[in-house]
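What follows is a single structure, written as structure tokens, with notes after it.
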Amino acid sequence: MSPMKLRKAANSSPDPNHETPSCADASWIEKFSQRFEPKPQYLIPILQFVQCEKGHLTPEALREVARYLRIPESTVFGVATFYAQFHFTPRGRNKVTVCRGTACHVRGSASLLREIENQLGVKPGETTPDQRFTLETVACFGACALAPVVVLNDRVHGRQTSASVKRQIEEVDARTCRAECAPAAARPRPARGLAKQPRKTKNK
């Protein structure tokens with residue numbers, strides 16, 4: 001398979017001055033207003049719900065949540081930026097996580113991370129513009145016996161090398177590409193030039 005093209009990273013932090021397309025009538029607003037009372041104690045569950053619905057938190061989403069709960073936008077923004085579970089840019093369909101624990105570090109996780117950064121063209125916390133991959137790091141997976149560890153989506157890959165992790169990312173990328181192209185390719189073609197045959201009836 002040909003090497004993957006380098007991808008420029010999207011900005012990983014929210015831009016307060018950035019205006020997203022209006023979605024005042026978006027279904028997710030109606031959904032969280034029906035599910036949660038307009039009370040400040042529901043701020044985190046509402047943010048989790050909105051992120052699940054939209055894929056990430058936009059400036060407009062934060063404003064809508066603040067308006068619904070009748071709290072300052074700065075409060076919503078502060079909570080959303082404090083917790084690592086919330087994201088302000090679209091997440092990739094595939095997640096690559098590199099362990100930075102002591103055992104993995106000693107066995108070369110830093111060089112693996114650099115290889116992955118070069119392969120994807122992004123830094124930790126960033127998503128490729130085609131939204132196929134998000135690169136992350138974690139302090140420790142707790143799988144030190146398998147160091148160095150890289151997790152692709154939910155699958156743990158132990159004792160990784162530059163060559164093995166590159167190959168696995170390419171395989172995941174190829175599967176993602178096939179999945180994206182499959183619906184159009186697998187669409188059945190209408191039959192042409194076939195006349196409908198009349199049904200034969202039995203003589204009584």
> Under 14 Å Cα-Cα from Lys31, which aspartates and glutamates qualify once same-chain neighbours fewer than 8 residues away are excluded?
Replying inline: Glu53, Glu64
> For the range 23-86, what D do you get in µm² per second when you plug the Kirkwood radius from alpha-carbon pairs into Stokes-Einstein at 25 °C and 0.890 mPa s?
Replying inline: 214 µm²/s
>> About the Cα centre, and with charges only on the beta carbon of Lys, Arg (+1) and Asp, Glu (-1), how big is the dipole of the range 27-82? Nearest 20 debye, please.
In response: 100 debye
> Expressed as a fraction of 2.2 N^0.38 Å, the rule-of-thumb size for a compact globular protein of N residues, what is the C-alpha radius of gyration of the range 94-180?
Replying inline: 1.01
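Bear in mind these aren't lab numbers, they're just calculated from the coordinates by the rules spelled out. Since this is a predicted model, take the numbers as computed values, not measurements. Note that each Cβ is placed from the backbone with ideal geometry, even for glycine, and that neighbours are counted across all protein chains shown.
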